[in-house]
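Notes to accompany the following structure.
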Amino acid sequence: LRDSIYLVDDLETLVMKAKQEITNRYNYDIKNNVQYKVANAWVEVRETQVRLEKSQFLPSLYLFFNQNWSSFETNFNYFNGEAKWFDATLVGLSLNVPIFSSFRRSSALQKAKVVSERALLEREQLEAGLALDLSIANSNFNQALSSYDISKRNVDVANSILYKTNRKFQEGISTSFEVTQATSQLISDQFDYVDSALRLFEAKTKID
């Protein structure tokens with residue numbers, strides 16, 4: 001509250017900077033959008049779920065290996081080197097072939113496919129929506145830029161008219177009423193100029 005505010009950038013500089021920053025954004029890659037990345041991640045998750053459900057139909061082959069040593073000493077002399085140890089080794093294969101699961105696997109697969117397709121549709125809708133939003137934002141920026149240029153020219157014209165009216169008034173050719181009218185027109189055009197600049201920066205913020 002005790003600090004003073006000093007404007008260090010003029011409006012023209014800010015507008016030129018905005019135009020330069022927006023120039024390279026028309027080909028913005030939608031895939032860089034955070035919302036799209038989230039939707040794409042969901043698609044990948046759902047596709048993985050479909051692959052997982054498909055894998056339930058595949059046979060499973062397991063290889064196992066087991067080796068152990070046993071001793072049947074009556075005295076606790078297992079660690080003095082005198083105990084007799086008998087080793088047993090077991091190697092085998094286990095094949096699991098799914099045959100019938102009361103249609104549970106098939107139902108789970110169909111459900112996973114439906115969820116995956118819905119995720120794909122949601123991603124496509126989001127991509128189309130983001131592209132439309134960007135197109136509208138760019139269009140609004142161009143329109144705001146045109147309005148700004150027109151408002152700027154109007155201010156220049158109003159300044160010129162006021163200057164000429166003041167000269168005529170000093171020479172006694174024009175009346176004070178005409179000077180007042182020219183001044184009011186300049187003020188009105190200046191308000192429009194500032195308002196158009198505000199709308200221009202709002203349009204840029206939308207694109208950002």
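Shown is the FRET efficiency for Ala128 and Val97, computed with R0 = 41 Å from the Cβ-Cβ distance and rounded to the nearest 0.05: 0.35.
Extension gain for Val115 to Leu52 (0.36 nm times residue separation, less C-alpha to C-alpha distance): 21.3 nm.
In a DSSP loop and with at most 12 other Cβ atoms within 10 Å, the GluC sites (Glu not before Pro) in the range 99-202 are Glu171. Among the trypsin sites (Lys or Arg not before Pro) in the range 73-107, those placed in a DSSP loop whose Cβ has at most 16 other Cβ atoms within 10 Å are Lys84. Can you pick out the pairs among Lys17/Lys164; Lys17/Lys37; Lys31/Lys111; Lys164/Lys204; Lys37/Lys204; Lys19/Lys164 whose Cα atoms lie more than 25 Å from each other? Long pairs (Cα-Cα over 25 Å): Lys17/Lys164; Lys17/Lys37; Lys31/Lys111; Lys164/Lys204; Lys19/Lys164. Electrostatic tally near Arg153: other residues with Cβ closer than 12 Å to its Cβ, Lys and Arg +1, Asp and Glu -1, net -3.
Based on DSSP H segments of at least four residues, each scored -39500 (n - 2.57), the chain has a per-residue ellipticity at 222 nm of -23500 deg cm²/dmol.
If you take the alpha carbon atoms of the range 1-63 and fit the smallest convex hull around them, that volume is 241 Å³ per residue. The label-point distance for Asp195 and Glu21, in a model that sets each label 7 Å from Cα toward Cβ, rounds to 2.5 nm.
For a paramagnetic label modelled on Ala41 (point 7 Å from Cα along Cα→Cβ), amide N atoms under 11 Å away are absent within the range 109-125.
Annotation: extensible slack from Ile136 through Lys168 equals 6.8 nm (criterion: 0.36 nm per residue apart, minus Cα-Cα distance).
Every number in this text was worked out from the coordinates using simple rules, so none of it is lab data. Treat the numbers as computed from the prediction; the structure is a model and nothing was measured. Counting neighbours? That spans all protein chains shown, and the Cβs are built from the backbone with ideal geometry, glycine included.
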